[in-house]
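Trainee: Structure below; questions to follow.
Read-outs throughout are calculated quantities, based only on the coordinates presented, and are distinct from any laboratory measurement. This structure is a prediction, so every number in the text was calculated from the model and none was measured. Every residue, glycine as well, gets a Cβ built from its backbone with ideal geometry; the counts of neighbours run over all protein chains shown.
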Amino acid sequence: MNKKVLLFGFFMMISAAFYAQRERVENLPTFDKRKLHYGFYLGLNQNDFKLNLRNSSIDNADISTTAAAGFNVGLIADFRLHKNLSLRLEPGLVSNSKNIYFNHLVTKQDSLREIGSTYLHVPVIFKFSTDRYKNIRPYLLGGVSYNYNFSSNEANQDDNSSGQFRMKTHNFMYEVGMGIDIYLYYFKFSPSIRGIFAFNNEIKYDDDPNSQWTAPINFMGTRGVFLTFAFE
């Protein structure tokens, strides 16, 4: 799925940029002179977990994950710091699902945990843009984000022994990406691709320190790909 998302995003950016470059008229000539402007975005995502295991009382621990595609939607506030640099706040909602397989366990009830997650995603992003060429302007993105996991179940008293997989509610990520601003007649269209990587360990450990589900896990953090279409 990651390769398909990346190829689709790359194709969309190149196609749109080629179309905009053919335009002889420069659209929205004063757009970038604004100190502050707003917009919104829609997109697709695929989030997975980076897993690091540790030595534990569980022999031959074997844990793997798979992810499905999700969606993201949000708002944009862009504050121009310099002609080639802006600071962006992009609060939104992110929804996706993941499966965690505990392959060292026998029964399906014990070996599979399905995790559906909805996040309040609040990135603070620096956007580094090139000079504009006709109706296109490539850029790079970099920043950090706060994620509130509505589906974490961190406060739930039940754990994996009762079939409940728990995660932390408050999480922090860093983000890097690239995209192209395309100046159309009425608005600016900006497709981009970015990677999302967790700083902190997101797992909520079971009460039993020798839990066959959580004892082998040293670190479990989100990593994902976002394909975003912004309208400003």
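Trainee: Can you tell me which condition ILE217 does not meet? The list is (1) farther than 25 Å from VAL25 by Cα; (2) among the hydrophobic types (A, V, I, L, M, F, W, C); (3) surrounded by fewer than 15 Cβ atoms within 10 Å (Cβ to Cβ); (4) in contact with a strand residue (DSSP E or B) (Cβ under 7 Å, 6 or more places away or on another chain), and all the others hold.
Mentor: ILE217 satisfies every listed condition except (3).
Trainee: So, in the range 96-134, exactly how many residues are buried (at least 18 other Cβ atoms within 10 Å of the Cβ), within 30 Å of SER86 (Cα to Cα) and not charged (D, E, K, R)?
Mentor: Of the residues in that region, 6 qualify.
Trainee: Further question on the same structure: Considering only residues that are among the aromatic types (Phe, Trp, Tyr) and either touching a residue at least 24 places away in the same chain (Cβ under 8 Å) or part of a strand (DSSP E or B) (or both), which ones fall in the range 187-206? It would help to see each step written out before you state the result.
Mentor: Filtering the range 187-206 down to residues among the aromatic types (Phe, Trp, Tyr) leaves 187, 189, 197, 199, 205.
Selection gives PHE187, PHE189, PHE197, PHE199.
Trainee: Output the residues belonging to the range 23-50 that are within 23 Å of LEU227 (Cα to Cα) and either out of contact with any Gly (no Cβ under 9 Å at 6 or more places or on another chain) or hydrophobic (A, V, I, L, M, F, W, C) (or both).
Mentor: HIS37, TYR38, GLY39, PHE40, LEU42, LEU44, PHE49
Trainee: Anything in the range 32-49 that is touching a strand residue (DSSP E or B) at 6+ places or on another chain (Cβ under 6 Å) and either among the acidic types (Asp, Glu) or exposed (fewer than 13 other Cβ atoms within 10 Å of the Cβ) (or both)? List them, or say none.
Mentor: Step one: filter the range 32-49 for residues touching a strand residue (DSSP E or B) at 6+ places or on another chain (Cβ under 6 Å), giving 35-49.
Listed by number, the residues that qualify are LYS35, LEU36, TYR38, ASP48.
Trainee: Test TYR146 against the criterion of being touching a Leu at 6+ places or on another chain (Cβ under 7 Å) and within 22 Å of LYS50 (Cα to Cα), and give yes or no.
Mentor: So TYR146 does not fit the description; no.
Trainee: Could you tell me whether the range 154-177 includes any residue that is under 23 Å from ALA61 (Cβ atoms), assigned to a loop (DSSP other than H, G, I, E, B), touching a residue at least 60 places away in the same chain (Cβ under 8 Å) and touching a His at 6+ places or on another chain (Cβ under 8 Å)?
Mentor: Scanning the range 154-177, I find no residue that is under 23 Å from ALA61 (Cβ atoms), assigned to a loop (DSSP other than H, G, I, E, B), touching a residue at least 60 places away in the same chain (Cβ under 8 Å) and touching a His at 6+ places or on another chain (Cβ under 8 Å), so the answer is no.
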